There are 2 protein chains.
Amino acid sequence: MKKLINSADSVVTDALAGMAEAHPGLRVDRDNKVVYRRQGPTPGKVGLVSGGGSGHEPLHAGFVGYGMLDAACPGEIFTSPVPDQVMTATQGVDGGAGVLHIVKNYTGDVMNFEMAAELCAEEGIEVTSVLVNDDVAVKDSLYTAGRRGTGATVFVEKIAGALAETGASLAEVARIGGQVNTLSRSFGVALSPCTVPAAGKPTFDLSDNEIELGIGIHGEPGRTRAPAAPARELARIAMDAVHADLPLSGDTLVMVNGMGGTPLIELYVVFAEVAAYLREKGASPTRSLVGNYITSLDMQGFSVTVCRLTDELTRLWDAPVQTPALRWGR
Amino acid sequence: MKKLINSADSVVTDALAGMAEAHPGLRVDRDNKVVYRRQGPTPGKVGLVSGGGSGHEPLHAGFVGYGMLDAACPGEIFTSPVPDQVMTATQGVDGGAGVLHIVKNYTGDVMNFEMAAELCAEEGIEVTSVLVNDDVAVKDSLYTAGRRGTGATVFVEKIAGALAETGASLAEVARIGGQVNTLSRSFGVALSPCTVPAAGKPTFDLSDNEIELGIGIHGEPGRTRAPAAPARELARIAMDAVHADLPLSGDTLVMVNGMGGTPLIELYVVFAEVAAYLREKGASPTRSLVGNYITSLDMQGFSVTVCRLTDELTRLWDAPVQTPALRWGR
C-alpha cells in the first residue's frame, strides 16, 4: 500500500489540519473533529449538519459554507461519527431555529445521529433529520437496512442549504430535503477496489477484466460482477437501473461522480453517454456536476445520480453557494 | 487495462461531447477540437489561448471562461495540439486586441504554437506567447529542452486571464503571465504510473514500495526513485527542491495538485505539511488550491506549485472567475 499519509491513525486529523490551512472560511475543531463555517451560527437560520465516515471527500466537510452545510462531522475512515461529535456540531450550529441532520442510510450513521438528536432535544434544541437512501443497486447491504445513501446526499445538502438561507422553517427545510431524496436515484460501478489505510489491502478483489455493478461507496458488494465494457454500455446499465426505479422525464439534475481514482476525462466520456440516454427517454440534463463529489478513497469507477427537477428545486440548486467543493453565484 | 471509455481512438472527442453537455457556458467545436467561451471573443479584450495534450484534465478546457482562457486546444492523449487547431482557436478568440498563447514547455507544444502564431501573424493577428517552465525536477527531459511546464500553468492562466478582463494590452497581459511563471516553481511525486488508453499498459513500472521523485506529467522520469515514505517526508523533499531554486518568503499561492488517482483526503494531508514547511521558512500560504487541476490520467501522486505573491498578483488571483474547474467571485 502506497498512500500520501503520515500514519493510518492520523489520516483524518492530518487532513483536517490541511483543510483548516486551505480554507479560511472554515473553522476546524480538530479535537472534536467538527468542521464549521468560520462565522458561527446564523441567528434565526436553520442549522444544517451532516457527517459520516471519512474517505468520501469532498463529502461532507467540503460542503460546509454559505448555502450548504453549517457543520460536518467526519468519522474515521468508513466509520460513523460518534454521537458526542454530532451533538457538539449540532449545538455549535444552533441559531435558534432548529437543526436539520442530513444522514446517509447506514446503520451506524442512523443510530449515532438519532442518539445525538435525542441528547440535543433534551437540551432544548429542535432537531429533525432527513434520511438519504437513493442507491437503487441493492435493497439491503453489508452496512444498511434498506437502500444505501450515496450521491443524492450532495443534492440534499445543496438544495436544503439554499432553502435554509432564505429563513425557511425547520419543517420546510426538512420537507425539501426529503423531496430531493424522493426524486433522486443513484447507481455505481467499480473498476477497482479501494484500500483503507488501516487495513492496508484492497477491500475486495476484482480480476483484470472484471467490474462490479452496483458498488457501494465503501466497496460493499453491488448487484453482480461483469466483464469490463465500453463506457456507453456501463452508462446504459446504470441508467437503466435508475430509470426502472424512477422513470426519467423532464428537467433533471445529473451528477457523474468519480469514485476517487478515475480521471476526469473518463467522467466526461460517461457524462456524454448519460446525457444521450436521458434525451432518448425524453428527459434533459438541465443541471449537472461532473467530478469527484462522493468518493471511495482511491477506487476507480463512477456513480450516476439523477434528480427530477421541479422549478423550485432548480431555483434552489442555482442559488449561491460558497464551500470548498461547490462555489457559484456570488 | 480497465477504463471508462468507448475506444482509445475516440476518448478525446467523446469527452468533448460530455463537456459540451455539462457546461452550457462553453462552445465545443468537436471537429476542430477547440473549446471556446459560448459568447465568442470580447471586443477589445486580449484573447487567451492555451492547449496541450489531453489526459491532464481539467487543464486546459476546464479553465475556459470569464476571467481565464478564451479557448483551449486539446491534443490527443499526451500529444501536442496541431498548428491548425491552435490557429483556428486563435482566430476564433481574436477580439482585435491580440491573442496570448500560454504554452507549457514541451518541444511539440512550443513548435506547434509557434507555427500557429506565425500563420496568424500573416493574417494580421498579433500573437505573443508566454512559456511556462516551472518544474524544478529536471533540466531537460524526454519531451523537453529546459524545464517542463506543469502546475504554474494554472496560475498563469488565472492571473493573466484576470488582467485581460480589465482591458489591459497584450504586452501587459504577456508581462504578468511571464512574471507569474518567473515567481513559480513546482515539483511532483508519483506513487504509481499512469496508463495511456492507446498503449494499454502503464507508462513505467514502480515496485510495491517504490515512488518516483520529480515525476513529469506524462510519466516521464524524474530525479530518482526512492522507497515510499510518509507524506511529511515527501512534502519536505518537494518543498526543499522548490525552496532551493526560489527561496520562499512572504505571501505565497500554493497548489497541492492530485495526479488524477489520488484521493482528496490525502491531498489535504500533504497540504498541511506544505503549509507547515512554508511557515517554518517564514512564508505564508495566503492563497491555495487543493485538488485535481493538472493531472496525468490515473497516476497516483501529487505535485506542489508555489508562487511568490505580490499585491498585484494577489488581487488578480482573487478576481472573479467562471470556468468549469475554477469558479468564484460573482
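The values are calculated or read from the model by the stated rules, or taken from the named source; none is laboratory data. These numbers come from a predicted model, not from an experiment. Note that we place each Cβ from the backbone using ideal geometry, even for glycine, and neighbour counts take in every protein chain shown. Each accessible area value is taken on the protein alone, full model and side chains, heavy atoms only, with ligands, DNA and RNA left out. Shrake-Rupley method; radii C 1.70, N 1.55, O 1.52, S 1.80 Å.
Which residues, taken from segment B:195-222, are surrounded by fewer than 21 Cβ atoms within 10 Å (Cβ to Cβ), charged (D, E, K, R) and not in a loop (DSSP other than H, G, I, E, B)?
Result: B:Glu210, single match.
Filter segment B:122-146 for residues that are modelled with pLDDT of 95 or more and open to solvent by 60 Å² or more (accessible area, probe 1.4 Å) and give the result.
Hits for segment B:122-146 are B:Glu122, B:Glu123, B:Gly124, B:Glu126, B:Ser129, B:Leu131.
Looking at segment A:292-308, which of its residues are crowded, with 24+ Cβ neighbours inside 10 Å and charged (D, E, K, R)?
Scanning segment A:292-308 gives a single hit, A:Asp298.
How many residues are of a type outside the set (S, T, N, Q) and part of a helix (DSSP H, G or I) when one looks only at segment B:1-35?
Here is the first cut: in segment B:1-35, the residues of a type outside the set (S, T, N, Q) are B:1-5, B:8-9, B:11-12, B:14-31, B:33-35.
Imposing the further condition that a residue be part of a helix (DSSP H, G or I) reduces the set to B:11-12, B:14-22.
Qualifying residue count, segment B:1-35: 11.
Have a look at A:Ala61, A:Ala72 and point out the one that is within 14 Å of chain B (Cβ to nearest Cβ), within 21 Å of A:Phe155 (Cα to Cα), in contact (Cβ under 8 Å) with a residue 40 or more places away in the chain and buried (at least 24 other Cβ atoms within 10 Å of the Cβ).
Just a single option satisfies the conditions, and that option is A:Ala61.
Quick one: how many residues across segment B:246-266 are surrounded by fewer than 24 Cβ atoms within 10 Å (Cβ to Cβ) and either among the hydrophobic types (A, V, I, L, M, F, W, C) or touching a residue at least 60 places away in the same chain (Cβ under 8 Å) (or both)?
Of the residues in segment B:246-266, 3 are surrounded by fewer than 24 Cβ atoms within 10 Å (Cβ to Cβ) and either among the hydrophobic types (A, V, I, L, M, F, W, C) or touching a residue at least 60 places away in the same chain (Cβ under 8 Å) (or both).
Can you tell me which residue among B:Gly96, B:Gly52 is more than 24 Å from A:Ala275 (Cβ to Cβ) and within 14 Å of chain A (Cβ to nearest Cβ)? Explain how you work it out, then say what you get.
Values: B:Gly96 fails: within 14 Å of chain A (Cβ to nearest Cβ).
None of the others qualify; the one that does is B:Gly52.
Checking the condition in a helix (DSSP H, G or I), at pLDDT 95 or above, more than 7 Å from chain A (Cβ to nearest Cβ) and open to solvent by less than 30 Å² (accessible area, probe 1.4 Å), which residue from B:Leu289, B:Leu278 passes?
It is B:Leu278.
What is the residue count in segment A:180-234 for residues that are under 21 Å from A:Val12 (Cα atoms) and of a type in the set (S, T, N, Q)?
The qualifying residues number 2.
Select from segment A:75-107 the residues that are under 21 Å from A:Cys194 (Cβ atoms), crowded, with 24+ Cβ neighbours inside 10 Å and in contact with a Pro (Cβ under 9 Å, 6 or more places away or on another chain) and list them in ascending order.
A:Pro81
Check A:Arg175 against each of (1) open to solvent by less than 10 Å² (accessible area, probe 1.4 Å); (2) under 30 Å from A:Pro43 (Cβ atoms) and name the one condition it does not meet.
Single failed check for A:Arg175: (1).
Picking from B:Val270, B:Val196, B:Val304, which residue would you name as being free of Cβ contacts under 8 Å to residues at least 40 places away in the same chain and closer than 30 Å to A:Tyr293 by Cβ?
Only one candidate qualifies: B:Val270.
Name every residue in segment A:228-275 that is part of a loop (DSSP other than H, G, I, E, B) and facing another protein chain (nearest Cβ under 9 Å), in order of residue number.
A:Ala228, A:Pro230, A:Gly261, A:Thr262, A:Pro263
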